[in-house]
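The values are calculated or read from the model by the stated rules, or taken from the named source; none is laboratory data. As the structure is a computational prediction, the values presented were derived from the model and not from experiment. Here the Cβ positions follow ideal geometry from the backbone for every residue, glycine too, while neighbour counts run over all protein chains shown.
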Amino acid sequence: MFGRKKKNQLHNHIDTLIGINTNIHGDIAFSGGLRVDGHVTGNVISSGKEQNSTLVLSKDGCITGTIRVTHVIINGTVNGPIYAQGYLELQAKAKVYGDIHYGSLEIQLGAMVEGKMIHQQVKPQTENEKQSEKMVTLFATGSEKQTEVSTDSRLTRNSRTT
């Protein structure tokens with residue numbers, strides 16, 4: 001409103017379509033909107049200075065490789081990590097086999113993920129803020145055992161209290 005543009009807005013139209021009977025072997029670099037109905041074996045990366053590129057993977061589509069796009073909508077199969085700095089939507093038939101790094105997330109009933117889901121902060125954090133978010137202390141009821149749990153598996157530790 002009043003001449004301001006929303007930076008994290010989804011790209012409203014599809015510039016490129018990969019059809020259902022199309023198989024691509026190799027990396028894809030695009031800007032704007034890309035819809036994949038076919039099969040891609042390779043990385044799919046948004047290029048250029050445009051910060052609102054959008055990838056739409058239909059229920060018949062499959063991508064084997066890394067996805068690095070600002071906004072991602074998945075309803076097909078992904079074999080590899082997804083890096084969605086902006087918005088990630090996993091629709092009902094989505095199947096993801098790999099880690100997901102996202103800014104904001106929407107998951108519909110029926111979507112499946114085999115991998116880690118890692119939230120990315122938009123603003124850079126100080127080391128103290130990062131550390132405070134990673135560590136959570138759990139106290140078991142009816143037990144004297146205290147456990148510190150971390151989102152980083154290298155930092156998990158058990159300790160006995162008296």
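Annotations for the structure displayed:
- Residue in the stretch 99-118 that is in contact with a Gly (Cβ under 7 Å, 6 or more places away or on another chain), under 21 Å from Ile20 (Cα atoms), crowded, with 18+ Cβ neighbours inside 10 Å and assigned by TED's automatic domain parsing to the domain that holds Ile20 present: no
- Scan the stretch 19-31 for residues that are of a type outside the set (Gly, Ala, Ser) and either in a loop (DSSP other than H, G, I, E, B) or touching an Asp or Glu at 6+ places or on another chain (Cβ under 6 Å) (or both) and the total you get is 4.
- Candidate set: the stretch 63-120, residues that are of a type in the set (A, V, I, L, M) and outside any strand (DSSP E or B); chosen: the one farthest from Phe30 (Cα to Cα): Leu109
- Being in contact (Cβ under 8 Å) with a residue 60 or more places away in the chain and surrounded by fewer than 23 Cβ atoms within 10 Å (Cβ to Cβ) holds for only one residue in Tyr83, Tyr87, and it is Tyr87.
- Single condition Ile63 does not satisfy, out of (1) at pLDDT 95 or above; (2) at positive phi; (3) of a type outside the set (Ser, Thr, Tyr): (2)
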